[in-house]
Amino acid sequence: MSQSFNCPNCGAPLDYSGGSAPTIRCPFCNNSVIVPEELRDHSSGTDGSAMLQPGKLKDIAELVRAGNKIEAIKLYRATFNVGLKEAKDAVEALAAGQPVQISNVTMQTPSASVSQSGSKAGGCLAIAIFGIVIVGIAFFFGLNAFSGSSKNPLAALADSTPTRVPTSTPRPTNTPLPTPTPGFASAVLRFGDKGTGAGLFTDARSIALDAAGNIYVGDYTGGRVQVFDSTGKYISQWKVGNSKSIIRALAADRKGTVYVVADGEIMRVEGTTGKSLG
């Protein structure tokens, strides 16, 4: 049969359906509330106080010391009936050697919905206070028992927690090394020299190559075009325009026809003979 009493924190009515658990969670303010003694079921020979034995607290401390935080959080929640975040924060504080305060356990005094005498109310209040004091003593002796030190138990826990050593990521052994950037071009053939004779140049600025490998080189002024074979050996020369003509560019097609841009015109010339084609 469900019975009701009020939450001392927010005043909301709480339905208690029985059992031996010493606390229940208020769904309105999310606080843990101690169930009045007379509403608990004692038929199993326990009132839930076994959850607050020093052995449980020692187990929590040993789990933290061993680095098993997940199991420590689970045991902390089961021991103190708190939420996941509160249990996680408490375990993290223990691991860092900081004190932990159990602040969400609220003492419940009898309300008007439960008929009690003044002596019973005082008895429940005294039991609640005694239970919280026992929790504090158990935490002290539970932590001190496994640390084996006379120092502050939380400080001993911090001293015994292994320090994480940062590890460096090894560099890959097959890292490619930078290679020199190649130049724009490399010379494969050089021919000619400075001068006015055959195979010599005064101001060569234009060049063309036909399908047979013949090389045509035009001087900038004078309209002279010289012909060389694919090895740079001089073959012949011919002219376009007059002595004042300026050759702007040369081009050759696959048939050996050379196109000369000079005097504002494009002239076609037979490359091997110099014959004008128009």
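The values are calculated or read from the model by the stated rules, or taken from the named source; none is laboratory data. Keep in mind that what you see is a predicted model, and the values were worked out from it rather than measured. A quick note on method: Cβ atoms are made from the backbone with ideal geometry, for glycine too, and the neighbour counts reach across all protein chains shown. Keep in mind that these areas ignore ligands, DNA and RNA; they rest on the heavy atoms of the full protein, side chains included. Shrake-Rupley method; radii C 1.70, N 1.55, O 1.52, S 1.80 Å.
Quick one: how many residues across segment 237-267 are surrounded by 14 or more Cβ atoms within 10 Å (Cβ to Cβ), of a type outside the set (F, W, Y) and not in a loop (DSSP other than H, G, I, E, B)?
Looking only at segment 237-267, we keep the residues that are surrounded by 14 or more Cβ atoms within 10 Å (Cβ to Cβ), and these are 237-241, 245-252, 256-263, 267.
When the remaining residues are screened for being of a type outside the set (F, W, Y), the result is 237, 239-241, 245-252, 256-258, 260-263, 267.
Then drop every residue that is not not in a loop (DSSP other than H, G, I, E, B), which leaves 237, 239, 246-252, 257-258, 260-262, 267.
So the answer is 15.
Residues checked against (1) at pLDDT 95 or above; (2) closer than 18 Å to S276 by Cβ:
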position: G195; (1), (2): no, no
position: R205; (1), (2): no, no
position: A208; (1), (2): yes, yes
position: A212; (1), (2): no, no
position: I215; (1), (2): yes, no
position: K255; (1), (2): no, yes
position: V260; (1), (2): yes, yes
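It is to be established whether one or more residues within segment 183-191 are in contact with a strand residue (DSSP E or B) (Cβ under 8 Å, 6 or more places away or on another chain) and either over 16 Å from M267 (Cα atoms) or assigned to a strand (DSSP E or B) (or both).
Among the residues of segment 183-191, at least one is in contact with a strand residue (DSSP E or B) (Cβ under 8 Å, 6 or more places away or on another chain) and either over 16 Å from M267 (Cα atoms) or assigned to a strand (DSSP E or B) (or both), which makes the answer yes.
List the pairs whose first member sits in segment 187-213 and is under 26 Å from I246 (Cβ atoms) and free of Cβ contacts under 8 Å to residues at least 12 places away in the same chain, whose second member is small (G, A, S) and surrounded by 14 or more Cβ atoms within 10 Å (Cβ to Cβ), and whose Cβ atoms are under 7 Å apart, counting only residues at least 6 apart or on separate chains?
Taking only residues 6 or more apart or on different chains, the pairs are L200/G192.
Condition first: open to solvent by less than 30 Å² (accessible area, probe 1.4 Å) and in a strand (DSSP E or B). Now tell me which residues in segment 215-235 satisfy that. Explain how you work it out, then say what you get.
Of the residues in segment 215-235, the ones open to solvent by less than 30 Å² (accessible area, probe 1.4 Å) are 215-219, 222-228, 232.
Once the filter is applied, which keeps residues that are open to solvent by less than 30 Å² (accessible area, probe 1.4 Å) and in a strand (DSSP E or B), segment 215-235 yields I215, Y216, V217, G218, D219, R224, V225, Q226, V227, F228.
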